[in-house]
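Take a look at the structure below.
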Amino acid sequence: MKKLFLMLMLASVFTLFTGCEKNNWPIVIKSKVTYRVSGTAQEVIIMYRDETGSNKIKGVSGNNLPWKYEFKVKPNTYVFLQAKNNTNQGNVKVEILKGSKTVFTESSSMPYGTATCSGYIK
């Protein structure tokens, strides 16, 4: 009887770790994500998706660039960052980093230009 119980327990543990889902481990390691906006524009409107999945809008003057926002996410989380130059001069650059590595980047040097990047963090 003990052997049967032990075999059933081992089978259930094996099933737990070999299921069809991509991430079914009991412990999920989150990745550090950093949004960074830089450039020479004197006024920038920043739109981004935060760690809860909410969309945020923030106005930033050129004196406060570069701007950054850091948080942690689970694997396969969608991230989004956009910066709009609110003037007819200067440029904007957006970057999304995972740890210290840039995974998405875009820039614009157009008057009133917008730079947008997004994707899934693996």
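Rule-based calculations on the coordinates, nothing more; no lab input. None of the values given here were measured: they were computed from a predicted structure. We place every Cβ from the backbone using ideal geometry, glycine too, and count neighbours over all the protein chains shown.
Using Cβ point charges alone (K and R +1, D and E -1), the dipole size of the range 30-121 about the Cα centre works out to roughly 360 debye.
Can you pick out the pairs among LYS56/LYS101; LYS58/LYS101; LYS93/LYS122; LYS30/LYS98; LYS58/LYS93; LYS84/LYS122 whose Cα atoms lie more than 21 Å from each other? Among LYS56/LYS101; LYS58/LYS101; LYS93/LYS122; LYS30/LYS98; LYS58/LYS93; LYS84/LYS122, the Cα-Cα distance tops 21 Å for LYS56/LYS101; LYS58/LYS101; LYS93/LYS122; LYS84/LYS122. Under the classification rounded if a/c is under 1.5, otherwise prolate if a/b is larger than b/c and oblate if not, where does the range 30-121 fall, given a ≥ b ≥ c as square roots of the Cα gyration tensor eigenvalues? In terms of gyration-tensor shape, prolate. Partner aspartates and glutamates whose Cα lies under 20 Å from the Cα of LYS68, excluding those fewer than 8 positions away in the same chain, are identified as GLU43, ASP50, GLU51, GLU95, GLU106. Taking amide hydrogens as placed 1.01 Å from N in the peptide plane, the amide H of GLY113 sits under 5 Å from those of ASN85, each at least 5 positions away in sequence or on another chain.
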